[in-house]
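The values are calculated or read from the model by the stated rules, or taken from the named source; none is laboratory data. Predicted model only: the values in this text are computed from it and were never measured. Backbone-built Cβ (ideal geometry, glycine too); neighbour counts: all protein chains shown. Quick note on the areas: whole protein, heavy atoms, side chains included, nothing else; ligands and nucleic acids left out. Shrake-Rupley method; radii C 1.70, N 1.55, O 1.52, S 1.80 Å.
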Amino acid sequence: MSRAKGNLAEDKACKFLDENGFMIIERNFYSRFGEIDIIAIKDEVLHFVEVKSGLDFESAIQNITPKKLSRLVRTGDVYMKKNRLDVAFVYDAIVVTPKTTEFVENITV
């Protein structure tokens, strides 16, 4: 996927989160382990959000591999330590297709 398409999907995901009561804290947080697309907060819970896009839900969500998930979790740990946070948190995904934007909660279970 091109960076432009990725940015468009992330913009749609941010709009979705904003419309659903989330406050965006940061976008594209990098560590040596990887990247977190969006970090948001809602109801005192920190959400580390991976954005995936594709022609359909199945092809997009399949791109969250165990390796990708491991990198996401490790990067989340870096963010928590760097910012000295002790709050509830969860790893989520937003899948953007040409017709829908779907929120998938707690992708680590």
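3J(HN,Hα) couplings calculated from phi for region 55-61 with the Karplus curve 6.51 cos²θ - 1.76 cosθ + 1.60 (θ = phi - 60°) are, in sequence order, 6, 8, 4, 4, 5, 6, 5 Hz; Gly and Pro show x.
Checking the cross-link filter: which lysines have an alpha carbon closer than 20 Å to that of LYS12, excluding same-chain neighbours under 8 positions apart? Within reach: LYS42, LYS52, LYS99.
The charge dipole of the chain, taken about the Cα centre with unit charges on the Cβ atoms of Lys, Arg (+1) and Asp, Glu (-1), comes to about 560 debye, rounded to the nearest 20.
Each of SER70 and ASN7 was given a label point 7 Å from its Cα along the Cα-to-Cβ line. The distance between the two points is 3.2 nm. Under 5 Å between amide hydrogens, built in the peptide plane, is the criterion, and for GLU26 it picks out ILE39 among residues at least 5 positions away or on other chains. If I fit a long axis through the Cα atoms of helix 66-82 and take the longest principal axis of the Cα atoms of the chain, what angle between them do I get, 0 to 90°, rounded to 10? With rounding to tens, the tilt is 40 degrees.
Round to the nearest 0.05 the FRET efficiency obtained for ILE25 and GLN62 when R0 = 25 Å and r is the Cβ-Cβ distance. In this case the efficiency is close to 0.35. The residues of region 38-91 present an accessible area of 60 Å² per residue when probed at 1.4 Å with all protein chains retained.
For the chain, the longest principal axis of the C-alpha atoms and the axis of helix 3-19 are separated by about 70°. Cα convex hull, the chain: 97 Å³ per residue, rounded to a whole number.
Apolar share of the accessible surface for the chain: 51 percent from carbon plus sulfur atoms, 1.4 Å probe.
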